Every structure is written in structure tokens, then in C-alpha cells.
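This report concerns only the one structure given below.
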Amino acid sequence: MPTPTSLNRAKILAVANQKGGVGKTTTTINLGAALAEAGCRVLLIDLDPQGNASTGLGIDHSKRQVTTYDLLVGDAAPDDAIQASNVDDLLIIPATTDLSSADIELISNEKRSFLLHDALRQLSMDTYQLDYILIDCPPSLNILTVNAMVAADSVIVPLQSEFFALEGLSQLMLTIREVRQSANKDLRIEGIVLTMYDKRNNLSQQVEADARENLGGLVFDTLIPRNVRLSEAPSFAMPVLTYDPNSTGAQAYRDLATEILTKSKAPIRKVS
């Protein structure tokens, strides 16, 4: 029996890079908060077994009874797993370390790459009136990341403004191409966002120049700076837009949200 399809589907963005420490979770949390601040209703799906996005949005471990693991491996519906975060209009499906065993547990499931795709297209998702769904992928190209790409409309790639930044990008691009050919022909790259950028550093400027020369219009205009407030905010379990709304980090993510909203064809359902 085919999966019921949501009639008013949100735009789904997977935030992915198989390299760790590039600002992937920071980008997911703060882009979600910036989109919510702009008047959107947003769902964040924590697909990283480390669960850092859940922690960064104030979801204590005691409140993670139903998680992305249950959504993929168990029989939980999105309704069972979605909960409010500490940011208005930003919902979340949290994660725990249980998710680290998903690769092994799903190996015999013929539909293992489509589990998240099917869950997010249930008719019950319409009741949340979502504009965007952001998926925080793990720092690897495993079945969880493939699930995110099969479910997504497009991929946002955080790219650290440091030496060798572009070297690992080819494997990610290959994975995106393979998913497009085999499971999601409409998948595209939403954009590449340079993170941890220091305008005083010649290396950051060189990485930016190389990225724009090699990737052209795929690179967002917005640069996410190295910012103390961005680094501090997770330890207070909140996005930087809440922790220090006037910081350069907060403004950068507002700018990134504006870029995405400007190029997006998805209407905002909520009037701010």
C-alpha cells in the first residue's frame, strides 16, 4: 500500500558534510531559529547519534522517550516524536545514541533508504503547518545520511574555512549524485555555506576565493564568522539568536535565512 502523501509539504533541507567539526549542527540549529524568527514554522530532525542539536535546543535526555531511532527502526509516527523546543515555532524530533546502531538494524530492510522519506510524507504532517524541515545529518555518509538525502528537496553543505576544506567535498557530491540517480531525481544542492570564517585571516579569504572559483553560484553570499557567542550558545542549550541576538553570529544566520527565503518558492504559512 503506498504511503499517504502530505498535501501541503514543507521544504526539506538536509544539512550534510561527512567531515566533523565544520559547523553542521551549529548551522542547523541557528538556521532553524532564524527561519522561525522570520515567521516560518520549522521542524528540526536530529539524525546524528550524538544528539547535539537536541541538546542545543534544550531537550534534556530525560525528555527523549521517542526519537529519530524510533521513527526509523521502530514503529513510531512523527506525531509520537515531534516536540516543542525552547524556540517558538521551532519543533524538533530529538536523537539519542540508540541511533548509532541503525545501520546494522536496517541492513535487512528493503526500504531502508526511504524510511524518513515516507515518515515525513504522512498526511498527519499537514497539521503542523510547517514551512521548513531541517535535517541535521551525522558526520558520515551512512544510511542515516542517505535517508536524509532521499527525503530532502535539497542539501546545504557547511564548509569550514580552513586548509583542505574542499578536499572532502568530492565524495559528498558523488553521494548526492548517486542518490539523485537512484532514489531522488529532484535532489539538488541548495548551497554551500562557508563557516568559521575569519576575515582577518588570509587562509579564510583564500578558501573563499577557491570555493567561489570552483563552485560558483552554489556558494552562499553569507559567510558564517568565527564568533565567541556562537561557540558559547550550545553550552547554555540555546541558539545564538536567543543567547546573544545582537552578535555577529546571530546576524550571519539571519542573513543566511534571508538568502534561502529569497530563493525559495515555498510560501510562508504563518504571518509574523
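Ellipticity at 222 nm from helices only: DSSP H runs of n ≥ 4 in the chain, each -39500 (n - 2.57), divided by the residue count, give -10000 deg cm²/dmol.
Taking amide H positions as modeled 1.01 Å from N, with prolines and chain starts lacking one, the residues under 5 Å from Leu194 and 5 or more places away or on another chain are Leu159, Phe220, Ile224.
Mean sequence separation of contacting Cα pairs (under 8 Å, at least six apart), scaled by the length of the chain, corresponds to a relative contact order of 27 percent.
Under a Gaussian network description of the chain, with springs only between Cα atoms under 10 Å, the residue in Thr145, Thr68, Thr258 that fluctuates furthest is Thr258.
Around the amide H of Ser154, modelled in the peptide plane, lie the amide H atoms of Ile12, Ala14, Arg188, all under 5 Å away and 5 or more residues distant in sequence or on another chain. Straight-distance candidates among the aspartates and glutamates for linking to Lys263, with alpha-carbon spacing under 20 Å and chain neighbours fewer than 8 residues away dropped: Glu37, Asp131, Asp153, Asp186, Glu190, Asp221, Asp255.
Near the amide H of Leu44, within less than 5 Å, lie the amide hydrogens of Leu91, Ile92, Ile93, Leu134, all on another chain or at least 5 residues away, with H placed in the peptide plane.
The calculated FRET efficiency for Asp221 paired with Ile107, based on their beta-carbon distance and R0 = 41 Å, is about 0.50. Rolling a 1.4 angstrom probe over region 145-242 with all protein chains present gives an accessible area of which 50% lies on carbon and sulfur atoms. For region 84-97, putting each phi into the Karplus relation 6.51 cos²θ - 1.76 cosθ + 1.60 with θ = phi - 60° gives couplings of 6, 9, 8, 10, 4, 6, 10, 8, 8, 10, x, 10, 10, 5 Hz, in residue order, rounded to whole numbers and with x for Gly and Pro.
Entry comment: accessible area of region 124-229 is 44 Å² per residue, from protein heavy atoms only and a probe of 1.4 Å. Shape class of region 187-272 from the alpha-carbon gyration tensor: oblate, with a/c at 1.5 or above and b/c at least as large as a/b. 3J(HN,Hα) along region 28-40, derived from phi through the Karplus expression 6.51 cos²θ - 1.76 cosθ + 1.60 where θ = phi - 60°, amounts to 4, 4, 7, 5, x, 5, 5, 5, 5, 4, 7, x, 8 Hz, with x in place of Gly and Pro. The HN-Hα couplings worked out from phi for region 120-131 by the Karplus form 6.51 cos²θ - 1.76 cosθ + 1.60 (θ = phi - 60°) are 7, 10, 5, 4, 5, 5, 4, 5, 7, 6, 7, 9 Hz, whole numbers, x standing for Gly and Pro. The separation of region 35-64 from region 158-200, counted between C-alpha centres, amounts to 22 Å. Placing pseudo-labels 7 Å out from each Cα toward the beta carbon at Phe236 and Glu178 gives an inter-label distance of 4.2 nm.
Say we join alpha carbon atoms closer than 10 Å with springs in a Gaussian network model of the chain; which of Gly39, Gly191, Gly56 then has the biggest fluctuation? Answer for the Gaussian network model of the chain: Gly39. Entry comment: accessible area of region 15-81 is 31 Å² per residue, from protein heavy atoms only and a probe of 1.4 Å.
The GNM of the chain, with springs linking C-alpha atoms under 10 angstrom apart, assigns the highest mean-square fluctuation among Asp60, Asp131, Asp70 to Asp60.
The values are calculated or read from the model by the stated rules, or taken from the named source; none is laboratory data. All values reported here derive from a predicted model rather than from experimental measurement. Here the Cβ is made from the backbone with ideal geometry for all residues, glycine too, and neighbour counts use every protein chain on show. Each accessible area value is taken on the protein alone, full model and side chains, heavy atoms only, with ligands, DNA and RNA left out. Shrake-Rupley method; radii C 1.70, N 1.55, O 1.52, S 1.80 Å.
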